[in-house]
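The values are calculated or read from the model by the stated rules, or taken from the named source; none is laboratory data. Treat the numbers as computed from the prediction; the structure is a model and nothing was measured. So basically every Cβ, Gly included, is an ideal-geometry build from the backbone, and we count neighbours across all protein chains shown. Ligands, DNA and RNA are excluded from the accessible area calculation, which covers all protein heavy atoms including side chains. Shrake-Rupley method; radii C 1.70, N 1.55, O 1.52, S 1.80 Å.
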Amino acid sequence: QVQLVESGGGLVQAGGSLRLSCAFSGNIFRINTMGWYRQAPGKQRELVARITSAGSTNYADSVKGRFTISRDNAKNTVYLQMNSLEPGDTAVYYCNCIAGGLTYWGQGTQVTITS
């Protein structure tokens, strides 16, 4: 079992920045890929960014150049730095990991961008 706890969401104006954090606990030695997904009202959940245990990253086209995913293995935490935020980034953001062949999700954190 792996537990994920997100933090850092909030309300910001367009052009602003936020940093999301996701702390992992439990069988963290089995974690392979970690990522961030988001779900806007009326839309499907979509991948925002992910990072493998080797440090490889990939991003949704809509956030490339604006968002950065990183991980701190010593703190068992993954981050999502979000810059140049746009109203279209408004969504609930979920932390995710794959460990031992299973997928785990955090509870989600709301990010709201005002124009």
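What the table shows:
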{"read-out": "Subset of segment 66-76 that is assigned to a strand (DSSP E or B) and farther than 15 Å from Asn96 by Cα - its residue that is farthest from the chain's Cα centre (by Cα)", "value": "Asp72"}
{"read-out": "Complete set of residues in segment 95-115 that are in contact with a Lys or Arg (Cβ under 8 Å, 6 or more places away or on another chain) and either outside any strand (DSSP E or B) or open to solvent by 40 Å² or more (accessible area, probe 1.4 Å) (or both)", "value": "Gly100"}
{"read-out": "Selection within segment 69-94 - over 15 Å from Thr57 (Cβ atoms), of a type in the set (A, V, I, L, M, F, W, C) and either in contact with a Leu (Cβ under 8 Å, 6 or more places away or on another chain) or surrounded by fewer than 21 Cβ atoms within 10 Å (Cβ to Cβ) (or both)", "value": "Ala74, Leu85, Val92"}
{"read-out": "Strands (runs of 3 or more DSSP E) wholly inside segment 1-49 that include at least 2 residues being aromatic (Phe, Trp, Tyr) and touching a residue at least 24 places away in the same chain (Cβ under 8 Å)", "value": "31-39"}
{"read-out": "Neighbours by Cβ (under 6 Å, 6+ apart or cross-chain): first from segment 61-90, in contact (Cβ under 8 Å) with a residue 60 or more places away in the chain; second among the hydroxyl-bearing types (Ser, Thr, Tyr)", "value": "Tyr79/Ser21; Tyr79/Ser70; Gln81/Thr68; Asn83/Ser17; Pro87/Ser115"}
{"read-out": "Any hit, segment 78-93, residues being under 20 Å from Val2 (Cα atoms), out of contact with any Ser or Thr (no Cβ under 6 Å at 6 or more places or on another chain) and assigned to a loop (DSSP other than H, G, I, E, B)", "value": "no"}
{"read-out": "Residues of segment 23-51 that turn out to be closer than 14 Å to Val2 by Cβ and either among the polar types (S, T, N, Q) or open to solvent by less than 60 Å² (accessible area, probe 1.4 Å) (or both), as a count", "value": "11"}
{"read-out": "Val63 being within 13 Å of the chain's Cα centre (by Cα), in a strand (DSSP E or B) and surrounded by 12 or more Cβ atoms within 10 Å (Cβ to Cβ)", "value": "no"}
{"read-out": "Unmet criterion (only one of (1) farther than 30 Å from Ser115 by Cβ; (2) open to solvent by less than 60 Å² (accessible area, probe 1.4 Å); (3) not in a strand (DSSP E or B)) for Ala54", "value": "(2)"}
{"read-out": "Criterion (more than 13 Å from the chain's Cα centre (by Cα) and among the polar types (S, T, N, Q)) met by exactly one of Thr33, Thr112", "value": "Thr112"}
